[in-house]
Amino acid sequence: MASETKLSHTAAMILQAIDAGFVYGFGVMEMTGLPSGTVYPALRRLERDELIRSQWERQSIADAEQRPARKYYKLTVAGRATLDASRRRYPLLERLIPTEEAKSL
Amino acid sequence: MKPLADWVFRVFQRGFLGGISLLVPAGQRAEWRREWQAELWHVRRACTSVAGISWDAEREVTAFCLGAFQDAFYLRLGSRKKGVRLAQIHGSAWHCLFWLAAVLTASYTVANISAGVSAERHPERYRVKSNLILIQDAHDTSDWAATIPVERYRAWKRLHQQYFDDFAFYRIQQETLSTGGNGGVVRSVGHVSVNLFALLGLQVESGNLGDTAGGAELRLILSHKGWERDFGRNPHLIGSIIRVGEHQVRVVGIAPDGAWRLPGEADAWILEPDTAIARGAAGYVVAHMTPSARSEMWNGRVRITVYDADGSDEDFWGISFAERTQGPWGIYLFTVMLSFLALPALTSVSIADYGFSSHKPSWTRNVIRWAFLSGKIIFLLAITYFLPLDVAYFSSTAYSPGASGVHFIFSFFICLLGFRWVVLDQRQRCPVCLRKVTHPARVGSASRTFLAWNGTELMCTGGHTLLHVPGLPTSWFGAPRWVYLDPSWEFLFTGSSVG
């Protein structure tokens, strides 16, 4: 996926939320305020376009905490490049969802 | 309250997700359900309270579950786009049947909206009694011409006849028809003997031919077209008196659309007693044959010799109405049979000589293949019935020999070329997936015909077969040959297989 890929503001927000550490669907929903019917199909599209990749949490960790295992999402290299391009396109994105590095500054 | 309500909501929400998961393609369903169930667990923990039931919280969780529908729908839609590619549709059996169905639907629709086709397709409106013939002078070479003087008709009717038990006479002439306040219009008016419609057995709408109420006026039957065009479908016209030429006539009925199939088109018919028919006028004579005369008919005709009192004789032809009143089925069945017989002159009708190399397709594949061939033939036969009728009667509202000829010619050619296409198309379809083979490639050279082979190789895009068509048929390679591709070829066709 080329770094010039243009995302919609919603998709860019989701990408930014994942980058900010909200790595599962419900977390992205809480952070962005988007409904589940928007977030999950968007995650599928981003994964299809290889901007994010998903990974199941280890079952042993989930068992230790007595909860079901979750599916986590992570930015790919192409996804990070696309997010950088989206930040230039939507300058307020970082202010809406600040990343950990931005928070620490 | 809390544990029971919580349990009910949890079961409902999990059941809802389980039901929606059926929308997700089977390959992704288990993982999709696992993710949503896990997320639901976390959503419930975040939203609901341990202390008691909260309807707002439950509504929020249910709203979260509703989003699963969009997610599942997205995955379903994505799988369809991925699964059905244009290349797979193009040239497939369904694609072929779809187009045949589209042509059939279009021709059927046109047949239903065209007045001429509609009239032609309802033979009950124009079917006349059997054993009727039209008598015509044998010296007149033009078919269906008015050749019989009224005096001769009167003489035939007066004398006892061995071969005929009833006669009727009619002639057509242009006359002014009064249509009400706007004056009159010049129309073709038939002057017919009183018994003509009864002899033909034609039913007349909204009228009683025996009705003589109202006095001594002549009776008039209007054509359906004339009733529509000149009287605006006036429902109160029956029984009223109008003027036609020099006559005051009473309208006694409307002939159904397309009912009149005899020579000479008319917009109205005046029923006249034989004595009222003008002298010297030539017209048509319709005669009803006795059984003994019927046996003399050959090929729809019978030769009639009339001996006059002075010893001279005169020849006439008696021509059957069958050709004019048999409806489109006669032409249709005849042309289908004719084209079926003519097909071998255009192409080999054999489909079975296409050897399938060493591989034999399963019997289910064979059944599907033959069912597809049968489907194409059925569609073709239906199209052959409607399409030529549309062409022949699109601009004509009633039967005419010209339209009948056009119907015959179109029916024959559509059927013949259609049969040829069906056979050729079937030969070029992969016996496994019924898709058309494509991408022709020249193989070998003519100089190597006796050492190897040369010709054209076509490929099934599903990766099932190759079709080898010899460039120069030889005794060992005369007919095209199917070559089955085993599963080791599949990697070349990944994503396009439908078999």
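Coordinate-derived values only; no laboratory data. Quick caveat, the model's predicted, so the values are computed rather than measured. No Cβ is skipped: glycine too gets one built from the backbone with ideal geometry, and neighbour counts run over all protein chains shown.
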When a footprinting reagent is the concern and you count Cβ atoms within 10 Å, what order do B:D308, B:D257 take, fewest first? B:D308, B:D257
Relative contact order [Cα under 8 Å, 6+ residues apart], chain B, whole percent: 16
Projected area of segment A:9-98, taken from the Cα convex hull and averaged over every viewing direction, in nm²? 5.8
Centre separation in Å (Cα based) which lies between segment B:1-77 and segment B:415-463: 55
With x for Gly and Pro, the residue-by-residue ³J(HN,Hα) of segment B:277-286, computed from phi through the Karplus equation 6.51 cos²θ - 1.76 cosθ + 1.60 at θ = phi - 60° and given in whole Hz, is 6, 4, 5, x, 6, 8, x, 10, 10, 9
5 Å is the cut-off here: which amide hydrogens, built 1.01 Å from N in the peptide plane, fall below it relative to B:F164, excluding neighbours closer than 5 in sequence? B:T290
For peptide A:27-33, the mean count of other chain Cβ atoms within 10 Å per residue Cβ is 1
Note: B:37-49 gets an average of partner chain Cβ contacts (10 Å, Cβ to Cβ) equal to 4
Can you give the average number of partner chain beta-carbon atoms within 10 Å of each beta-carbon in peptide B:58-70, as a whole number? 3
Rank these for me by crowding, B:T48, B:T105, B:T384, going from fewest to most other beta carbons within 10 Å. B:T105, B:T48, B:T384
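For segment B:398-463, how big is Rg over Rh, using alpha carbon atoms and the Kirkwood form of Rh? Before the final figure, lay out each step's value.
Details: Rg = 20.3 Å, Rh = 15.4 Å.
Here Rg/Rh amounts to 1.31.
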Debye-sum result for chain B in log10 I(q)/I(0), which assumes one identical scatterer on each alpha carbon, at q = 0.06, 0.09, 0.14 Å⁻¹: -0.58, -0.83, -1.31
Take the Cα coordinates of the protein assembly as shown, assign each an equal point scatterer, and use the Debye formula without solvent to give log10 I(q)/I(0) at q = 0.08, 0.09 Å⁻¹. -0.83, -0.89
Per the Debye formula with a single identical scatterer at each Cα and no solvent contribution, what log10 I(q)/I(0) holds for segment B:263-323 at q = 0.29 Å⁻¹? -1.24
Taking A:D19, B:D315, B:D274 and counting other beta carbon atoms within 10 angstrom, the fewest-first order is B:D315, B:D274, A:D19
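What does the convex hull of the alpha-carbon atoms of segment B:128-324 project to on average, in nm²?
Working: hull surface 46.4 nm².
Directional mean of the projected Cα hull area for segment B:128-324 stands at 11.6 nm².
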The alpha-carbon center of segment A:1-75 and that of segment B:261-289 are separated, in whole Å, by 91
Using alpha-carbon pairs under 8 Å, 6+ residues apart, how would you state the relative contact order of segment A:9-98 in percent? 34
Give the calculated FRET efficiency between B:D140 and B:Q248 to the nearest 0.05, with a Förster radius of 35 Å applied to their Cβ-Cβ distance. 0.50
